[in-house]
Amino acid sequence: MTLKLISYQLCPYVHKAATTLRVKHIPYEIEYIQLSKPPRWFHEISPLGKVPLLLVEDHVLFESTAIIEYLDEAYPPRLHPADMIQRAKHRAWMAFSDTCLRDYYRCVFAKNEEDFYKALARLHDHFDQLEQGLTAGPFFAGMHFSLVDAAFAPLLYHLKLLAEVWPAIFDSQRHPRIVHWKDILIVHRAVRQAVVDDFVELYFDWLSNKDSFLARQAIEQASYE
Ligand SMILES: N[C@@H](CCC(=O)N[C@@H](CS)C(=O)NCC(=O)O)C(=O)O
């Protein structure tokens, strides 16, 4: 059975699905679309008009969390815990990864310094909660990569790049476990191979083209280099 992931290069939700496919060594095809000008067929098949989509035979799966849950059920080894209570907790943390992704986008899109600091404060408050949920590692729940790791890896990968523009994105005094976890995940084979080779270049192009506080910081920094 051939799986096909409909994608956009910089989408962290696509990155979750691709990471899960890679961790499980599931063969898949990938098709990138331009989100600013999606093809007609995409509108016809995408229930919410968003990527990722996972095409499984005649079925169109949508929403990254639903996609990675499907992959976990359909393809061994299970990344979710076997215990029902633990699994419920992991699902709750996966939902929280989307909360943190929204904070991240608020930071990226903040028009001015004041709004940026508000967005960053909100992300850091949420990181206080995440820090309490983390084990000593190396992964979210200890020795094994779980779906929670797949859910948070794209956020931490994007934040790592943002930290090149604004180093205080990560605070290792306040969130030592998150910083350690980030260091593990960003070099993880599946996480790295789940993005395109020129991801970093595309990311900074994308960031610099925003009408935002961080875009201005990125442009200023590039002019000094
Ligand atoms: N909740 C969705 C979010 C997906 C999403 O927002 N994807 C963005 C790209 S990163 C998208 O397709 N945006 C197009 C649009 O909203 O029109 C998921 O988890 O899959």
* Asked: Calculated from DSSP H runs of 4 or more alone, at -39500 (n - 2.57) each and per residue, what is the 222 nm mean residue ellipticity of the chain, nearest 500?
  -> -19000 deg cm²/dmol
* **Debye log10 I(q)/I(0) at q = 0.13 Å⁻¹ for region 10-137, Cα point scatterers** => -0.70
* Using a Gaussian network model of the chain whose springs link C-alpha atoms within less than 10 Å, name the residue from Trp41, Trp166, Trp181 with the highest mean-square fluctuation. => Trp41
* Of Leu101, His158, Phe139, farthest towards positive along the dipole that unit charges on Lys, Arg, Asp, Glu beta carbons give region 84-193 -> Phe139
* Structure fact -> A correct Karplus calculation of ³J(HN,Hα) over region 33-43, with 6.51 cos²θ - 1.76 cosθ + 1.60, θ = phi - 60°, whole Hz and x for Gly and Pro, returns 10, 8, 5, 6, 9, x, x, 4, 4, 5, 4
* Sorted from largest down, give the three principal axis spans of the alpha carbons of region 92-140, whole angstrom values. => 36, 16, 16
* To do: Give me the accessible area per residue for region 3-74, probe 1.4 Å, as a whole number in Å².
  => 50 Å²
* **Point-charge dipole on Cβ atoms (K/R +1, D/E -1) for region 84-193, about Cα centre, debye to 20** => 400 debye
* How are the Cα pair distances of the chain distributed, in percent, across 10 Å bins from 0? -> 8, 32, 36, 20, 4, 0
* Structure fact -> Of the convex hull enclosing the alpha-carbon atoms of region 84-193, the direction-averaged projected area in nm² is 6.7 nm²
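The values are calculated or read from the model by the stated rules, or taken from the named source; none is laboratory data. Not measured: the values here are computed from a predicted model. Glycine gets a Cβ as well: all are built from the backbone with ideal geometry, and neighbour counts include every protein chain shown. To get the accessible areas, we keep the full protein, side chains included, count just its heavy atoms, and leave off ligands, DNA and RNA. Shrake-Rupley method; radii C 1.70, N 1.55, O 1.52, S 1.80 Å.
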